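The values are calculated or read from the model by the stated rules, or taken from the named source; none is laboratory data. This one's a predicted model, so the numbers in the text were calculated from it and none came from an experiment. When we count neighbours, we look across all protein chains shown, and the Cβ atoms used for this are built from the backbone with ideal geometry, even at glycine. With ligands, DNA and RNA removed, areas are computed over all heavy atoms of the protein, side chains included. Shrake-Rupley method; radii C 1.70, N 1.55, O 1.52, S 1.80 Å.
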Amino acid sequence: MNYAEIKYCDIANGPGVRTSLFVSGCTHRCRNCFNEIAWDFGYGEPFTKEVAERIYQSCQAEYYAGITLLGGEPMEPENQRALVPFVKEFRRRYPRKTVWCYSGYTYEALTGQTESRSRCEVTDEFLTLLDVLVDGPYVEELHDLTLRFRGSSNQRLIDMPGTLAGGRVILWRDDPLFESHQLRK
């Protein structure tokens, strides 16, 4: 897997201070995508153990809330396979920090409720490692600058622990006092 960019001290892609990993490779090709350069799976640099270690180290400070995975498309099967061990290690090191993931695939596609090329042998495990999944493609006609942590109104912020426990989509509560990772306790 390649990555296009890493943003340390990011405050735009989830609550609090985070490190955001922008992976390379996306087959959605959303019109007016903010990161079109990352559509190419070969763009950027290889995601090595050294790169992963820099991300882990960046999150050591207590004030870091966690990591965010975006792209490109983290849920392309080839990216999922590389991200699962990375996120598992992040969870081992930082069990109280959160993991957010942005995907142009819907939750229904990722879970096999609708047909999708995104499903692979690690998808179900990957979903259990996430605190929030921001799902759905960016739709320019639904762009809304007033939305928090998403670009278009079709996209949902899904509380993954609550959704997996409840068997139905539970939206993340957009409340600064609510921490979705508390459901992991």
Placing unit charges on C-beta atoms (Lys and Arg positive, Asp and Glu negative, everything else neutral), compute the dipole magnitude of the stretch 64-147 about its Cα centre in debye, rounded to 20. 700 debye
Can you tell me the Rg and the Dmax, both Å, for the Cα atoms in the stretch 3-44? 11.4, 31
In Å², what does the accessible area per residue of the chain work out to with a 1.4 Å probe? 49 Å²
Using the Cα centre as the reference, give the magnitude of the dipole from point charges on the C-beta atoms of the chain (Lys, Arg: +1; Asp, Glu: -1; all else neutral), rounded to the nearest 20 debye. 580 debye
Eigenvalues of the alpha-carbon gyration tensor of the chain, times 5 and square-rooted, give semi-axes in Å, largest first, of 21, 20, 17
If I stretch the segment between residue 53 and residue 168 completely, what's the gain in nm (0.36 nm per residue apart, minus their alpha carbon distance), one decimal? 37.9 nm
Along the charge dipole of the stretch 1-124, Cβ charges K/R +1 and D/E -1, which of 21, 122, 98 sits furthest on the positive end? 98
Longest exposed-loop-site-free stretch of the chain, with GluC sites (Glu not before Pro), DSSP loop and at most 10 other Cβ within 10 Å? 122-185
What Kirkwood hydrodynamic radius do you get for the stretch 1-77 when you take the inverse of the mean 1/r over all pairs of distinct Cα atoms, in Å? 12.8 Å
Helix-derived [θ] at 222 nm for the chain: sum -39500 (n - 2.57) over DSSP H runs of at least 4, divide by residue count, nearest 500? -6500 deg cm²/dmol
For residue 30, the accessible surface traced by a 1.4 Å probe with all protein chains present amounts, in square angstrom to the nearest 10, to 30 Å²
Exactly which chymotrypsin sites (Phe, Trp or Tyr not before Pro) in the stretch 19-75 are in a DSSP loop and have at most 12 other Cβ atoms within 10 Å? 34, 63
Could the peptides 127-136, 11-20, 164-173 be put in order, highest first, of the mean number of other beta-carbon atoms found within 10 Å of their residues? 127-136, 11-20, 164-173
Based on Cβ point charges of +1 for Lys and Arg and -1 for Asp and Glu, what charge dipole magnitude is obtained for the stretch 25-86 about its Cα centre, in debye rounded to the nearest 20? 120 debye
Output ³J(HN,Hα) for the stretch 94-103: one whole-Hz value per residue in order, computed from phi by the Karplus curve 6.51 cos²θ - 1.76 cosθ + 1.60 with θ = phi - 60°, and x for Gly and Pro. 10, x, 9, 9, 9, 10, 10, 9, 9, 9
Interchain or sequence-distant (5+) residues whose placed amide H lies within less than 5 Å of the amide H of residue 156 are 135
Over all alpha-carbon pairs in the stretch 87-152, figure out the percentage whose distance exceeds 15 Å. 59 percent
Carbon and sulfur together cover what percent of the accessible area of the chain at a 1.4 Å probe radius? 53 percent
